Each structure stands twice: as structure tokens, then as C-alpha cells.
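The values are calculated or read from the model by the stated rules, or taken from the named source; none is laboratory data. These numbers were taken from a predicted model, which means no experiment stands behind them. In this analysis, Cβ positions are derived from the backbone assuming ideal geometry, glycine residues included, and neighbour counts consider all displayed protein chains. When the accessible area is computed, the model is the full protein with side chains, heavy atoms only, and any ligands, DNA or RNA have been set aside. Shrake-Rupley method; radii C 1.70, N 1.55, O 1.52, S 1.80 Å.
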Amino acid sequence: MRKERLWAGLLGLERAVVESVEIDDGEQVVVAVRPHHRERDRCGVCGRRAPGFDLGEGRRRWRALDLGTTVAYLEADAPRVKCPEHGVVVCAVPWARHGSRFTRAFEQQVAWLAVNTSGSAVAELMRTSWRSVGAICERVAAEAGCEADLLAGLRRIGIDEISHRKGQRYLTVVVDHDTGRLVWAAPGRDKATVEAFFDALGEKRAKRLKLVSCDMAGWIEAVLAKRCPKAKRCVDPFHVIQLATEALDKVRREVWNEARRAGQTDAARQLKGARFCLWKNPENLTERQQSKLADIERLNRPLYRAYLLKEQLRQIYRLGPNVAIRLLEDWLAWARRSRLPPFIKLARTITDQRQGIVAAIRHGLSNARVEAINTQIRLIARRAFGFHSAEALISLAMLKLGGLCPPLPGRVTVT
Ligand SMILES: [Zn+2]
């Protein structure tokens, strides 16, 4: 094997020729390369051949994977072409993505590590900044997203919103109920964001959607009615129960304030501490919390009634559809006569949303997968702190939860 071929092999270079190898200051290996003849004069954006324009800004370097313990760079000319579509752009090179200072293999490995290890491990191992990791994830996910069509064959999806940072920054995410994969995400939570999803999906595929689960937000409903009127809208059980928990908490605060105003300091203190035993599912209560609940039953009827209302609503979702739908009617009647304003209001909301709530019960659309994805995105968001944009966070989420993570360089994908 000739020396140049050996170097090309070591660097995983394809469609390129090694011209020379130097060790700079004894600290870094710099490998001069050029694209194969067939790969030259191509637009960096679209990859099509285009007439040459100029020599650009001369020689350029790309960080490559370390060679053993030594940092390595590829170095080459970076001439420009004039693409009929994209104007004057730097030529494409086979070893790197357009606009990147890293080689393809380097980026592949960073993306894989970002998905599979801790943030600080990636940055330290790859001798790069966490911010650069974000930008790399963006490029790798964008390319993988073009190659794999995540929106193909969708039948049952869940649309949800996640606040990913304090200060009300939201993402709208779309999850495939059948595979549990994250298939789409974008910053924002409004009609325009949901419209953007349907634009990406296309009319034909929107028509094939059977079930769409979401919360009760009017902005999602309006777009669904317009873009996929035949799909059944299912109101996420999680969001319904969440509203009941909030109503219960309102009742608790009201009776607490009343007790405080009436100078019943003991009762007020008891109620304040009761928050967790009211929130928790009864099967998870500790012995102490159980006895606290018994106290509430004895001392505070309205609050205990509110607790039972919340619990019964939760139980409805554990029953078969026929019993559940009948019980939902009973529940509504009970809530309306409960003399608890937050639950009377909730009964009104549920009545308005009945169609979607019943559809969710009938089709047994479990939101477990959407919730699992949301939990994961929140974890990723915490890690992605320091990325420069929401797009970088979304890219990391798509790599990890959308199945877009590339294999490590030089290995075959196992799916
Ligand atoms: Zn082009």
C-alpha cells in the first residue's frame, strides 16, 4: 500500500486524495488533501456541478478525528463556484459538511457521543466546546432528517407543547404513537407552528391521519379542524387529570385562606402540609399521609369532596371504554352539584371538550409515549443549556428521540 493510501485509510477519507502529511510543531498532524477529480467544482449547498468562480480565501483546515493521541487536521484549497441556484459559494468537499470546520467523521462521532454520553464528556474527549457540539448536532440532524423521512406512514400522533426554559420558551412537538418516536419539533406554541407541521407533512399524508391526541388548547384544535378534519381529536387524559389536580389545589388554597383568616392557625398549618397527600395517587401514600387524608375527611368536607372528585376522574381512565364513558357522565353531574367553584368550572370545560375526551377513552390512546418523550426533552433541555439556539436543542432531541443518531464513524448501522 502506498503511503498516501495508508493515510487516506487511517483518516477514513473517501473520494479524496492525500497529497502530503506534516507534523506541525510536533503537536498536530496536518494532512494536505484534495477531492477526487469527479468531486471538484460542486456547489457546497446543493452538490451540483457549477462553473468555477475564484480561489476563495486560500487554504482551509478541518479538524479531523485524533490520530492516536495527536490532534489532526485536513488541509485543502477552498475555491468557490457560481451555482445557478445558490450564487457564489465555497465548493463542496467530500470529507466535511458545508460550512463546517470539522470533518464528517469528527461530527459523526460528536453527535453519537452527545446522544450517548454526558455533555462534559463529549466536549473534553473531542477537545471542543459544548457550543460547537450544539452546532454539530444541528448539521448532523439536518442531514439525517433529509435522508430519513420521519413523517412517512403516520397514523396516530400526539401534539404537545413543552416549556424548555424558564421565561416561557416553548417547543411544539409531534410524537408517533405507534413507534414512540419524536417525529417533528419546532420552537413556539401557536397556530403558525402547528400549521408548519402540516406544511411539512403535506396534504396527502395529513388525510391518512386517524387519531391526533393533544391538550385542550384552542389553537391546536383550530388547525386540526382545517388541516385534517377527518382525524379524530383525542384529548390527552394527562391534561384532563392535570386540570382536576389544579382544581383540587384551588379548593385547598381557599379553605386554607379561610382557616387563616378565621384565626385557626392549627388547621391552616395542617392544610398547608396536606398538599402532597392530596396530590399523590392513593396507592403511593405513606402511612403518615394516609392518616393526614383521614384527618381531612373528618375535619374538612369540601376539601375531601374535591379530593374524591379528582381521584374518581383519574380512575375513569383505568376502566374499559363503556363503563368509563358512563362514569364520566356521572362524574360531570357530581362535579356540577359539588358547590366547589373550581370543579363546577372544570365540569364546564370537560363538557365542552367531551367529544375529544370520549374519543381518547374509546380509542384507548395512551399518552404514555408522548409523556415519556416530554420527560426526555426536558432532560435534554437541561443539558442543552449553553447551546446557542433552540434549533440546536431540537437537533439533539431529534438525534436521540427521533432515531436520527448516526453510527460511530467506520461502523455499520444496526437497526
Ligand atoms: Zn447550488
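Taking N322 as meeting all but one of (1) within 17 Å of L243 (Cα to Cα); (2) without any contact (Cβ under 8 Å) to a residue 60 or more places away in the chain; (3) in a helix (DSSP H, G or I); (4) not charged (D, E, K, R), write down the number of the exception.
Going through (1) within 17 Å of L243 (Cα to Cα); (2) without any contact (Cβ under 8 Å) to a residue 60 or more places away in the chain; (3) in a helix (DSSP H, G or I); (4) not charged (D, E, K, R) one by one, N322 breaks only (1).
P35 - would you say it is open to solvent by 40 Å² or more (accessible area, probe 1.4 Å), farther than 20 Å from M126 by Cα and either in contact (Cβ under 8 Å) with a residue 24 or more places away in the chain or more than 16 Å from the ligand (Cβ to nearest atom) (or both)?
no
Give me a count of the residues in the range 67-103 that are open to solvent by 50 Å² or more (accessible area, probe 1.4 Å) and either touching a residue at least 40 places away in the same chain (Cβ under 8 Å) or assigned to a strand (DSSP E or B) (or both).
Of the residues in the range 67-103, 10 are open to solvent by 50 Å² or more (accessible area, probe 1.4 Å) and either touching a residue at least 40 places away in the same chain (Cβ under 8 Å) or assigned to a strand (DSSP E or B) (or both).
Being more than 16 Å from A78 (Cα to Cα), open to solvent by 30 Å² or more (accessible area, probe 1.4 Å) and in a strand (DSSP E or B) is the filter here, so list the residues in the range 17-32 that pass it.
S20, V21, E22, I23, D24, Q28
Within the range 192-217, can you find the residues that are out of contact with any helix residue (DSSP H, G or I) (no Cβ under 7 Å at 6 or more places or on another chain) and not in a loop (DSSP other than H, G, I, E, B)?
A192, T193, A196, F197, D199, A200, L201, E203, K204, R205, K207, L211 - these are the residues of the range 192-217 that are out of contact with any helix residue (DSSP H, G or I) (no Cβ under 7 Å at 6 or more places or on another chain) and not in a loop (DSSP other than H, G, I, E, B).
Would you tally the residues in the range 38-60 being within 16 Å of the ligand (Cβ to nearest atom) and either more than 39 Å from the chain's Cα centre (by Cα) or closer than 22 Å to L6 by Cα (or both)?
So the first thing to find is which residues in the range 38-60 are within 16 Å of the ligand (Cβ to nearest atom), and the list is 39-53, 56.
Narrowing the set further to residues that are either more than 39 Å from the chain's Cα centre (by Cα) or closer than 22 Å to L6 by Cα (or both) leaves 39, 51-53.
Selection size over the range 38-60: 4.
Tell me which of these Y170 doesn't satisfy, since it passes every other one: (1) within 16 Å of the ligand (Cβ to nearest atom); (2) open to solvent by 40 Å² or more (accessible area, probe 1.4 Å).
Answer for Y170: the failing condition is (1).
Hey, could you check the range 248-269 for residues that are among the small types (G, A, S) and in a helix (DSSP H, G or I) and say which is nearest to I296 (Cα to Cα)?
A267
Just checking, does the range 50-59 include any residue being within 25 Å of G410 (Cβ to Cβ) and surrounded by fewer than 17 Cβ atoms within 10 Å (Cβ to Cβ)?
Applying the first criterion (within 25 Å of G410 (Cβ to Cβ)) to the range 50-59 yields none.
The answer is no, given that none of the residues of the range 50-59 is within 25 Å of G410 (Cβ to Cβ) and surrounded by fewer than 17 Cβ atoms within 10 Å (Cβ to Cβ).
If we keep just the residues of the range 216-269 that are among the basic types (K, R) and in contact (Cβ under 8 Å) with a residue 60 or more places away in the chain, which is nearest to R339 (Cα to Cα)?
K250
Taking A335, is it in contact with a helix residue (DSSP H, G or I) (Cβ under 8 Å, 6 or more places away or on another chain), of a type outside the set (K, R), under 26 Å from C234 (Cβ atoms) and in contact (Cβ under 8 Å) with a residue 12 or more places away in the chain? Before the answer, list the steps.
On the way: in contact with a helix residue (DSSP H, G or I) (Cβ under 8 Å, 6 or more places away or on another chain): yes; of a type outside the set (K, R): yes; under 26 Å from C234 (Cβ atoms): yes; in contact (Cβ under 8 Å) with a residue 12 or more places away in the chain: yes.
For A335, the condition - in contact with a helix residue (DSSP H, G or I) (Cβ under 8 Å, 6 or more places away or on another chain), of a type outside the set (K, R), under 26 Å from C234 (Cβ atoms) and in contact (Cβ under 8 Å) with a residue 12 or more places away in the chain - is met.
Quickly run through the range 129-167 and pick out the residues that are within 14 Å of the chain's Cα centre (by Cα), touching a residue at least 60 places away in the same chain (Cβ under 8 Å) and outside any helix (DSSP H, G or I).
L150, G158, I159, D160, I162, H164, R165
Taking the range 329-350, which residues are open to solvent by less than 20 Å² (accessible area, probe 1.4 Å) and either outside any helix (DSSP H, G or I) or touching a strand residue (DSSP E or B) at 6+ places or on another chain (Cβ under 8 Å) (or both)?
Listed by number, the residues that qualify are S338, L340.
Looking at R189 and the list (1) of a type in the set (D, E, K, R); (2) farther than 14 Å from I162 by Cβ; (3) not in a helix (DSSP H, G or I), which single condition is not satisfied?
(2)
If we scan the range 118-128, do we find a residue that is within 19 Å of the chain's Cα centre (by Cα) and either on the phi > 0 side of the Ramachandran plot or more than 16 Å from the ligand (Cβ to nearest atom) (or both)?
Checked the range 118-128: at least one residue is within 19 Å of the chain's Cα centre (by Cα) and either on the phi > 0 side of the Ramachandran plot or more than 16 Å from the ligand (Cβ to nearest atom) (or both).
Every residue in the range 1-16 that is assigned to a loop (DSSP other than H, G, I, E, B) and in contact (Cβ under 8 Å) with a residue 12 or more places away in the chain, please.
From the range 1-16, those assigned to a loop (DSSP other than H, G, I, E, B) are 1-2, 11-15; that's our starting set.
Answer for the range 1-16, where residues must be assigned to a loop (DSSP other than H, G, I, E, B) and in contact (Cβ under 8 Å) with a residue 12 or more places away in the chain: L11, G12, L13, E14, R15.
Give all pairs with beta carbons closer than 7 Å in which a residue from the range 197-213 that is buried (at least 17 other Cβ atoms within 10 Å of the Cβ) meets a residue that is among the hydroxyl-bearing types (S, T, Y); count only pairs at least 6 apart in sequence or on separate chains.
Here the result reads none, with nothing in the range 197-213 linked to a residue that is among the hydroxyl-bearing types (S, T, Y).
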